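Asks: Would you mind keeping the following structure in view while I ask a few things?
Every number in this text was worked out from the coordinates using simple rules, so none of it is lab data. Keep in mind it's a predicted model, so treat the numbers as computed, not measured. Virtual Cβ from ideal backbone geometry, glycine too; neighbours counted across all protein chains shown.
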Amino acid sequence: MIFGRREANMFSVDELKAGFKDTFGREPFLVRAPGRVNLIGEHTDYNDGFIMPAALEYETRAAVAPRADRILRVHSAKIGETREFDLDDPAPGPKRDWTDYVFGVAVALAGAGKKLKGADILVASSVPVGSGLSSSAALEVSIGYSLLTVAGLPIDTIELAKLCQKAENEFVGMRCGIMDQFISCNGQHDHALMIDCRSLEKRPVPIDPRARIVVANSMVHHELASGEYNKRRASCEEAVHLLSPGLGPIKALRDVTPAGLEANKALLSDVTYRRARHIVTEDERVIEAADALAAGDLARCGELMNQSHASMRDDYEISCEEVDVLVDIAQRQPGVFGSRMTGGGFGGSTVSLVEAGAAEAFMENVKAAYEKATGLKSTIFACSPQQGVGPLAG
Ligand code: GLA
């Protein structure tokens with residue numbers, strides 16, 4: 001076995017093939033599924049609203065070969081562990097570890113009527129866990145794609161995204177929206193995608209060559225994240241329920257305008273009102289930011305990113321001290337258009353839109369200032385958006 005525990009670096013195609021051969025004794029095919037960064041539109045996905053993510057060069061890579069039986073055997077290079085699962089097991093329960101993202105997807109695919117076959121899979125990921133860059137979605141999507149390929153079934157990347165989300169909702173117990181799985185399945189090279197999470201229509205928005213998207217990992221991940229996430233979702237559902245008598249038949253906060261919310265503010269407690277205000281104003285910001293980015297108005301796009309951060313921090317209350325420090329440092333650098341937290345919250349990463357020529361200095365300065373302020377060494381990189389899941393050439 002050439003794989004032991006290995007952290008965030010990427011395994012080369014040759015290493016993956018050799019590792020697979022060493023572990024499972026035959027030739028694999030290879031699959032890749034990316035993590036993501038969201039430029040703007042946070043927690044709007046499960047409110048039927050708008051988001052604007054891009055797929056990253058950090059990805060999960062899977063080496064895969066079919067088996068003659070119905071066993072799914074998976075080796076994680078990062079954890080250094082091999083686990084097995086019988087596709088005929090009627091009710092496998094979650095184990096509260098990394099395998100839930102693997103077996104949960106198999107259960108969701110089988111539940112949707114997909115006739116799966118046994119497989120050996122080796123997974124290696126460069127998406128840092130806890131970074132808010134969707135390591136779990138990248139793992140789920142790589143597994144889903146691998147299993148469908150092994151079974152010789154057609155792959156519809158929208159259906160695959162929905163089934164991976166279902167795995168996370170029902171098997172893992174995290175009530176996430178569709179964003180992470182959708183962009184990992186459908187990412188587009190050099191573009192962000194503005195996605196309407198109700199219709200799942202997507203509008204590719206090219207990244208202006210005068211700007212760089214810079215991602216900075218705060219290196220903190222507060223454990224309350226998934227419990228607080230589900231609570232935010234429940235607050236949004238409560239707001240819809242309480243606003244209905246005033247606004248008529250609304251299905252989700254997507255159906256509420258900022259003016260409609262203000263007019264019916266009295267129906268909500270202060271906290272629920274602020275949660276709803278984040279969502280309804282964030283939806284408007286996403287739509288405007290997509291237009292601004294497409295029109296080359298980088299300054300306006302950046303302003304909207306800054307406003308989004310303030311709204312997450314003050315109204316939705318999903319930021320934390322370290323992330324606020326990181327955003328604050330970033331927003332004060334020369335050449336920055338805007339900066340905000342990205343992802344589910346309570347730690348993780350920030351995303352900044354920076355003038356191309358200023359990006360190198362930006363990364364150095366932010367890293368140094370963040371370390372000085374917190375003692376933490378941020379990993380910072382400029383990303384170039386990638387295609388969604390697919391075969392890995394080699
Ligand atoms: C997590 C979830 C997504 C989305 C973001 C917040 O990444 O998986 O569905 O809700 O948080 O925007």
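Asks: Would you calculate a helix-derived [θ] at 222 nm for the chain, using -39,500 (n - 2.57) for each DSSP H run of n ≥ 4 and dividing by the full residue count, to the nearest 500? It would help to have the intermediate numbers written out before the result.
Replies: On the way: 11 runs with 154 residues, N = 394.
Computed mean residue ellipticity for the chain: -12500 deg cm²/dmol.
Asks: Here's something else I'd like to know. Tilt of helix 157-166 relative to the longest C-alpha principal axis of the chain, in degrees (0 to 90, nearest 10)?
Replies: Relative to the chain, helix 157-166 is tipped by roughly 80 degrees.
Asks: Just to confirm the number: angle between the C-alpha axis of helix 99-111 and the first principal axis of the chain, 0 to 90 degrees, nearest 10?
Replies: Roughly 80 degrees, rounded to the nearest 10.
Asks: Now for a separate question. Which net charge results for the neighbourhood of residue 330, defined as the other residues with beta-carbon distances under 12 angstrom from its beta-carbon, given Lys and Arg at +1 and Asp and Glu at -1? Kindly include the intermediate steps, with their values, before the conclusion.
Replies: Values: positive: 332, 340, 367; negative: 324, 328.
Local charge sum for residue 330: +1.
Asks: Enumerate by residue number the trypsin sites (Lys or Arg not before Pro) in segment 218-271 meeting two conditions: DSSP loop (anything except H, G, I, E, B), and at most 11 other Cβ atoms within 10 Å of the site's Cβ. Can you show the working numbers first?
Replies: Numbers: sites: 231, 232, 233, 251, 254, 265; in loops: 251.
Of the trypsin sites (Lys or Arg not before Pro), the ones in loops of segment 218-271 whose Cβ has at most 11 other Cβ atoms within 10 Å are 251.
Asks: For 242, 193, what's the fewest-to-most ordering of other Cβ within 10 Å of each Cβ? Write down the numbers at each step before the final one.
Replies: Values: 242 17, 193 25.
Exposure proxy ranking, most exposed first: 242, 193.
Asks: Less than 19 Å apart at the alpha-carbon level, and either on another chain or at least 8 residues along: which lysines does that give for residue 21?
Replies: Qualifying lysines at Cα under 19 Å: 78.
Asks: Measuring from the lowest to the highest alpha carbon on each principal axis, how far does segment 211-383 reach, largest first, in angstroms?
Replies: Principal axes ranked by extent give 53, 39, 21 Å for the Cα atoms.
Asks: Ranking 283, 255 by Cβ neighbours within 10 Å, fewest first, what do you get? Intermediate values should be presented prior to the final figure.
Replies: Values: 283 24, 255 19.
Least to most surrounded, the residues fall as 255, 283.
Asks: So which GluC sites (Glu not before Pro) in segment 1-109 end up in coil per DSSP with only 12 or fewer other C-beta atoms within 10 Å?
Replies: Details: sites: 7, 15, 42, 57, 59, 81, 84; in loops: 7, 42.
Of the GluC sites (Glu not before Pro), the ones in loops of segment 1-109 whose Cβ has at most 12 other Cβ atoms within 10 Å are 7.
Asks: With everything on Cα atoms, drop me the angle between helix 270-294 and the longest principal axis of the chain, reported from 0 to 90° to the nearest 10.
Replies: 80 degrees
Asks: Let me confirm the definition first: pairs of Lys residues in segment 211-383, 8 or more apart or on different chains, C-alpha distance under 26 Å. How many are there? Intermediate values should be presented prior to the final figure.
Replies: Numbers: 231/251; 231/265; 251/265; 367/377.
The result is 4.
Asks: Loop only per DSSP, at most 12 neighbouring Cβ atoms within 10 Å: give me the GluC sites (Glu not before Pro) in segment 127-227, ordered by residue number. Walk me through the numbers on the way to the answer.
Replies: Numbers: sites: 140, 159, 168, 170, 201, 223; in loops: 201, 223.
Sparse-neighbourhood loop GluC sites (Glu not before Pro): 201, 223.
Asks: What net charge is computed for the residues neighbouring residue 251, neighbours being all others with C-beta under 15 Å from the C-beta of residue 251, Lys and Arg scored +1, Asp and Glu -1? Intermediate values should be presented prior to the final figure.
Replies: Numbers: positive: 198, 233, 254; negative: 45, 48, 196, 237, 238, 255, 283.
Result for the neighbourhood of residue 251: -4.
Asks: Can I ask one more? Among 179, 363, 52, rank each residue by its count of other Cβ atoms within 10 Å, from fewest to most, as a rough exposure measure. Don't skip to the answer; put the middle values down first.
Replies: Details: 179 28, 363 22, 52 25.
Ranking 179, 363, 52 by Cβ neighbours within 10 Å, fewest first, gives 363, 52, 179.
Asks: Checking a compactness column here: for the chain, what do you get for Rg(Cα) / (2.2 N^0.38 Å), N being the number of residues? Walk me through the intermediate numbers first.
Replies: Details: Rg = 21.0 Å, N = 394, 2.2 N^0.38 = 21.3 Å.
That works out to 0.98 for the chain.
Asks: Net charge within 11 Å of residue 138 by Cβ-Cβ distance, Lys/Arg positive one each and Asp/Glu negative one each, not counting residue 138 itself? Present the calculation step by step, with values, prior to reporting the outcome.
Replies: Details: positive: 32, 36, 61; negative: 59, 140, 180.
Overall, the nearby charge balance is 0.
Asks: Tell me which aspartates and glutamates have Cα within less than 13 Å of residue 166's Cα, excluding those fewer than 8 residues away on the same chain?
Replies: 100, 140, 180
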